[in-house]
Amino acid sequence: MNNSLYLLEKIQESNCIEVIRDFVLDGKIYFGISAGSEIAATNVYSVYTPDDVKKASNLKGYKGLGLVDFIIFPHWGKKDFESVYFNFRLKHAYTTNDKIILLTNYQYVRVEGDMYKIEEVEK
């Protein structure tokens, strides 16, 4: 199972948030899968689960990479993510003002400038 908070913690520890942001602002492509897609958001508080927090005990806040103004919830519809979503993430995210995009394993978000579009991939 992915752990976005652990990934964010490691990015914070390596002080590379600005490097990644500059890379994208320079026209390079950011490609995030699962946890990598979640941390592209401005704030990742919505992906909170108690287990994720335990595994990221040195996390310095929930500020994400800030590449997009929405947060991806990947693996929508996958049985092994059902309890994570219904028992934690959706309840937790309901208390935030985040724009949330639910994606199956056969979808991705393509972002160009201020436009974004959910794209389908072949199964």
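Quick note: the coordinates plus some simple rules give every number you see, no bench work behind them. Treat the numbers as computed from the prediction; the structure is a model and nothing was measured. Reconstructed Cβ throughout: ideal geometry from the backbone, glycine too, with neighbour counts over all protein chains shown.
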Checklist outcome for this item: Env charge @ GLU9, Cβ radius under 9 Å, K,R +1 / D,E -1, value +2
Checklist entry - If you stretched the chain out fully between PHE70 and ASN58, how much longer would it get, using 0.36 nm times the residue separation minus the C-alpha to C-alpha distance? => result 1.9 nm
Next on the checklist: Sorted from largest to smallest, which semi-axis lengths in Å does the alpha carbon gyration tensor of the stretch 84-123 give for its equivalent ellipsoid, taking the root of 5 times each eigenvalue?
Outcome noted: 24, 16, 4
Next on the checklist: At R0 = 30 Å, how high is the FRET efficiency between VAL19 and TYR116 if r is their beta carbon distance? Nearest 0.05 is fine.
Outcome noted: 0.85
Item to check | Neighbour net charge for VAL68 - beta-carbon separation under 14 angstrom, K R +1, D E -1 | outcome: 0
Checklist entry - So what's the stretch 37-100 giving for Cα Rg divided by 2.2 N^0.38 Å, two decimals? => result 1.08
Item to check | For the stretch 4-120, convex hull volume per residue from C-alpha positions, Å³ | outcome: 97
Checklist entry - Given 0.36 nm per residue, what is the gain on full extension from LYS78 to ILE29 after removing their alpha carbon distance, in nm? => result 14.9 nm
Checklist entry - For the chain, what does -39500 (n - 2.57) per DSSP helix run (n ≥ 4), summed and divided by total residues, give at 222 nm, in deg cm²/dmol to the nearest 500? => result -6500 deg cm²/dmol
Item to check | Inter-label distance for LYS91 and LYS10, nm, one decimal - labels placed 7 Å from Cα along Cα-to-Cβ | outcome: 2.9
